[in-house]
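First comes the structure, then the notes that go with it.
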Amino acid sequence: MSTQAPDIPLTDEATGIVAIGIDIGGTGIKGAPVDLRTGELTAPRHYIATPQPATPAAVAAAVKEMRDYFSEVPADAPIGVAIPAVVRNGITRTAANIDQSWIGTNADQLFRDALGMPATLLNDADAAGLAEMRLGAGRDRKGVVLVVTLGTGIGSALFTDGHLVWNTELGHLTIEGFDCCPWASAAARVKENLSWAQWVSRLQEYLAYAESLLWPDLVIIGGGISHDADQFLPLLQVEAQVVPAQMGNDSGLIGAAFEAYAAARA
Ligand code: BGC
């Protein structure tokens with residue numbers, strides 16, 4: 001993330017403008033060119049297996065490979081990269097499901113060197129949240145909106161009147177000294193073979209705690225599990241309205257593309 005970018009004008013001005021969005025995950029790296037007005041992918045998504053170990057150098061090389069794959073996209077198209085890490089002033093400060101050597105890495109410089117141009121780097125949940133607020137379940141929503149992504153871990157993106165509070169890491173709230181992230185994630189349900197009811201009681205506890213701290217007006221549940229919303233949304237009892245995300249698995253890369261465009265304009 002290179003800026004605290006202003007709102008992206010989704011006006012005719014952005015019509016036909018494309019940025020490349022790339023979403024780095026623990027097992028795969030997804031990328032696609034994104035139409036900045038509609039959020040649609042202008043070419044099929046490309047997938048590269050995340051190098052193991054996912055060191056900064058290895059991931060930067062994969063990101064370069066991704067950029068080169070979309071050779072038909074103009075060379076000056078902004079590039080946004082979503083990563084499972086806190087990113088402050090271009091430095092990655094944490095590392096989840098990627099090599100620990102990311103912590104303290106000057107990622108801005110790393111990608112600039114690898115790509116021969118700057119890239120805009122941001123937390124993956126923040127990127128997914130930006131996409132949801134722009135075009136998905138949070139569109140035109142004011143007040144406090146909490147986007148929670150449930151996958152291998154729990155990511156969060158917090159918005160007040162549409163403005164993102166970067167790097168909130170609310171997935172790591174602790175209850176009785178235990179990190180909620182591995183406990184209430186979507187992966188925990190599968191790994192521990194939990195029934196929906198068992199898993200929902202964890203999610204309920206997590207969301208109730210988050211609600212007691214933040215009092216959101218709207219909670220958007222993202223991650224692959226949002227497709228199974230029927231299984232768990234009716235069981236949740238929180239005051240906030242809770243809805244599934246609408247942008248699907250591409251929300252991270254779409255949000256990264258939006259942010260890259262906003263940063264390039266700033
Ligand atoms: C990380 C977050 C990330 C989330 C989803 C968490 O473990 O701490 O930075 O957004 O996983 O990948």
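Observations
- Region 139-245 - share of DSSP beta bridges that are antiparallel (%, nearest 5): 55 percent
- In this structure, Y69 and H227 have a Cβ-Cβ separation that, at R0 = 30 Å, corresponds to a calculated FRET efficiency of about 0.65.
- GNM flexibility winner over the chain from S226, S212, S156 (Cα, springs under 10 Å): S212
- Cα centroid separation, region 214-266 to region 23-75: 21 Å.
- DSSP assigns beta bridges within the chain; of those with both partners inside it, close to 60 percent run antiparallel.
- 222 nm mean residue ellipticity, helices alone, for the chain (DSSP H n ≥ 4; -39,500 (n - 2.57); rounded to 500): -9500 deg cm²/dmol
- Relative contact order computed over region 139-245 (Cα-Cα under 8 Å; 6+ residues apart), in percent: 28 percent
Coordinate-derived values only; no laboratory data. Everything numeric here is computed off the predicted structure, so don't read it as measured data. FYI the Cβ positions are ideal-geometry reconstructions off the backbone, even for glycines, and counts take in every protein chain you see.
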